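K.L.:
Please find one structure pasted underneath; my questions will follow.
The values are calculated or read from the model by the stated rules, or taken from the named source; none is laboratory data. If you're wondering where the values come from, they're calculated on a predicted model, not measured in any experiment. Cβ placement follows ideal geometry from the backbone for every residue including glycine, while neighbour counts extend to all protein chains displayed.
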C-alpha cells in the first residue's frame, strides 16, 4: 500500500451541498435565537434571561449533535454572536434593544460562554454504534 503522507498534505474535499445548507441554516437560527433572546431577556427579566440562555445552549448543542461535530455548534454560535453585536449598536435616532442593566450583560457574557462551552464539547459523547462500548 503506498504511503498517503500527512493528512495536511491531502487535497481538500468540498463538503456536500446538504451539509453547507445545514451550516447556513444553523447560522440563521443562531441569529434568530439572538434576536428572540434579546427581546425576551429585556421584557421578562429573571425568567426571560434563563429562557433565552437555555434556548441558545439548546441550539448550540443541538447543532453539534445534528451535524456530529464541533462545526454544528460553531455555526449557530457565529450567527448568535454577530447578531448580538449588531443589536448592541444604537441607531441614529437613539433607539436600542439592549439596556444598560445587569441582565443585558449577563445575556451577552453568558451566551458567549455557552457558545464556547458547547463548541468545546463537540463530539464528547459515546459512539452511537450498537457494537461499540466504552470500557471494553
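K.L.:
Only one of 45, 60 is in contact with a helix residue (DSSP H, G or I) (Cβ under 8 Å, 6 or more places away or on another chain) and within 17 Å of residue 102 (Cα to Cα). Can you tell me which?
P.N.:
It is 45.
K.L.:
Surrounded by fewer than 19 Cβ atoms within 10 Å (Cβ to Cβ), touching a helix residue (DSSP H, G or I) at 6+ places or on another chain (Cβ under 7 Å), at pLDDT below 80 and over 20 Å from residue 28 (Cβ atoms): which single residue out of 94, 122 fits that description?
P.N.:
Of 94, 122, the one residue that is surrounded by fewer than 19 Cβ atoms within 10 Å (Cβ to Cβ), touching a helix residue (DSSP H, G or I) at 6+ places or on another chain (Cβ under 7 Å), at pLDDT below 80 and over 20 Å from residue 28 (Cβ atoms) is 122.
K.L.:
Moving on to the next point. Test each condition in (1) more than 22 Å from residue 19 (Cβ to Cβ); (2) modelled with pLDDT of 85 or more for residue 100 and report the one that comes out false.
P.N.:
(2)
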